[in-house]
Amino acid sequence: MAFDGITIANLKKELSDALTGGRITKIAQPEADELLLTITKKPDKTEADGGSGGPGRRAGGQYRLLLSASASLPLAYLTDKNKPSPMTAPNFCMLLRKHLSNGRISSITQPSLERILRFEIDHLNELGDPCRKLLIIELMGKHSNIIFCNEDGMILDSIKHVSSAVSSVREVLPGRSYFIPETQEKLDPLASSLEEMLRAVCSRPMKTGKAIYTTLTGFSPVMAEELCFRAGLESDRPANTLEASQQAALEHALEGMLLDIRAGRFSPQIIYQGKEPLEFGSLPLTMYEDLEHREFSSISQLLDTYYSTRNTITRIRQKSSDLRRIVQTALERNRKKCDLQQKQLRDTEKRDKYRVYGELLNTYGYQAEPGSKSLTAPNYYTGEDLVIPLDPQLTPQENAKKYFEKYNKLKRTFEAVSRLLLETQEEIAHLESISTALDIALMEEDLVQVREELVEYGYIKKRRGQGKKPKVTSRPFHYLSSDGFHMYVGKNNFQNEELTFHLATGNDWWFHAKGVPGSHVIVKAEGKELPDRAFEEAGRLAAYYSRSRDSEKVEIDYLQRKNVKKPNGSKPGFVVYYTNYSLMIDPDISGLTQL
């Protein structure tokens, strides 16, 4: 979810409370489109008496403020993390240091509900006279920018220069006047009346959700959907077809939302789908009431958590892209091979017919007249008459010999192709298990064993001079059940093998999703009898860490470890078992404690 005006309003309130009155003691530009400001503020009485600091708070009443105009990820929030700066500061950073070092932040404002933050900073010029400057950050996707202006709104410089060749709407260059481009005719929700906003929204011949976010400043598609949900409306319904009662419900929901924004009653929260953050908002996202959500006391903490988690997921997907490509290529090749082998098997289905032809010709061939093209003989396997095609130029015995040769050839083909098909299917299952391991990986170190497995089985060529195996730091997931039982989940085939045949003892319990690639889950029984709840929680883990994690219900096989066997010469993680219990469970692990 991109920053919307409501999130910026929440951020403006937090930054105003934390930074107003503070002095800028350090200015750094760690990236070409990013600033990191250190702001020192005298602690208020609560802090002086031992109150805890907020996000980005450092010892001595200091804060770090990150401002990023990245086209892909524009951000602004307080952070605890520092970043290394280049040896030579960029020109924009040097200009800010010249004018704003030791400057005092007098106010932080947000024009309307625009995705803009405006910092007013008082400082002394070279002659010691008081001056005021403006530092403006626009968080608008690829149009994001950080702009430095004088008190009259003239641009002194910007972190990105925008000429008329780039934008016909507004130039962002030194000497130009700063203004907010009005590229869309939107209403300011904080300055317009409810009747005016409702009339504008409900006059549009488009989906109600889209009508909201294209009519009102500050509303993103997600918040528009949330507003429709609170009003009990279907967001897909055309706005100009809403009935009077539905318009009244929309007005009431909008009024409640705007009251919270004006009063600064924000409730930052992240919505999770499994362990992956799905959305975030500064107001409660009630439309996701069925999903896990985590509340935050600070929008900065939320943004730091959300984007660091998303960055981790994005980064691990980028790091594993080459492995995924190798696995996918091998899968496609083996699936084509499997289809071809199955076709070859179907072609051998006639083999028994040729054998019967040969046997019947040996028995009844004397009845065939010379030069006959067929012979009708009783089939002693079925009791029915069977018409046997003959080559008129051959004797019955020669025809029989020909049919036996066809039968033997197809029989040999059937046996060879059956063996090859089994190997191909095992190869596909192995590759699918590796693909699932790539989906499960959360950290870069989780990929080490996956790559090692691909090297071991010849999917990746071993590098010249690569003697010893890479160091493995990844460990299986470790959970604690509600009843205090330790549960372990393998992240890949090598870890599955280790858990099942080395960590687990005979009376421990083993879980796996039925018929799909997934992790081995071990529950350490410690000589105790597992309660039903422990079986359910282990089943949820097996369902979640499998290919079927997006299904509503997953069938899980479970049994004691002593009944799980590994065939000789089989690939890592491959097991067989013949007696097991089964359960149907949902893949929801939100209530489980991970150690």
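The numbers here are math on the coordinates, done by the rules we state, and not lab data. Computed from a predicted model, the values in this text were never measured in an experiment. Positions of Cβ are generated from backbone atoms using ideal geometry, with glycine treated the same way; all protein chains shown enter the neighbour counts.
Odds and ends about this structure:
- Flagged links, alpha-carbon separation over 24 Å, of 350/401; 343/401; 186/210; 42/133; 337/553; 471/528: 343/401; 337/553; 471/528
- Karplus-derived HN-Hα couplings along the stretch 107-115 (A = 6.51, B = -1.76, C = 1.60, θ = phi - 60°), whole Hz, x at Gly and Pro: 6, 10, 10, 10, x, 6, 10, 6, 7
- Summing charges over neighbours of residue 209, with a neighbour being any other residue whose Cβ is under 14 Å away from its Cβ, gives 0 when K and R count +1 and D and E count -1.
- Positive-end residue, the chain charge dipole about Cα centroid, Cβ charges, pick of 287, 582, 84: 84
- Expected 222 nm ellipticity per residue - DSSP helices of 4 or more, -39500 (n - 2.57), all of the chain, to 500: -11500 deg cm²/dmol
- The stretch 464-536 and the stretch 173-205 have Cα centres separated by 56 Å.
- Residue 536 paired with residue 425, simple spin-label distance in nm, labels 7 Å along Cα-to-beta-carbon: 3.6 nm
- Per-pair calculated FRET efficiency, R0 = 41 Å: residue 72 and residue 152 via Cβ, rounded to 0.05: 0.80
- Around the amide H of residue 278, modelled in the peptide plane, lie the amide H atoms of 271, 272, 273, all under 5 Å away and 5 or more residues distant in sequence or on another chain.
- The H on the amide N of residue 267, modeled in the peptide plane, is under 5 Å from the matching H of 283, each at least 5 residues off or on a different chain.
- Cα centre as origin, Lys/Arg/Asp/Glu Cβ charges: the stretch 477-594 dipole, Debye: 480 debye
- Virtual spin-label span in nm between residue 308 and residue 290, 7 Å along Cα→Cβ: 3.2 nm
- Simple Cβ-charge dipole of the chain, Lys/Arg +1 and Asp/Glu -1, about Cα centre, in debye nearest 20: 2560 debye
- Virtual spin-label span in nm between residue 245 and residue 81, 7 Å along Cα→Cβ: 5.1 nm
- Residues whose amide H falls under 5 Å from that of residue 103, counting only those 5 or more places apart or on a different chain, are 24, with hydrogens built in the peptide plane.
- Look at the dipole of the stretch 130-259 built from charges on Cβ: of 252, 137, 163, the Cα furthest out on the positive end belongs to 163.
- Prolate/oblate/rounded call for the stretch 5-158, Cα gyration tensor, a/c under 1.5 rounded: rounded
- ³J(HN,Hα) computed for each position of the stretch 511-527 - Karplus, 6.51 cos²θ - 1.76 cosθ + 1.60, integer Hz, glycine/proline x: 10, 7, 5, 6, x, 9, x, x, 7, 7, 10, 10, 10, 6, 7, 6, x
- Measuring against 27 Å, Cα to Cα, the residue pairs 319/491; 411/571; 81/491; 160/207 contain 411/571; 81/491; 160/207 as the ones spanning a longer distance.
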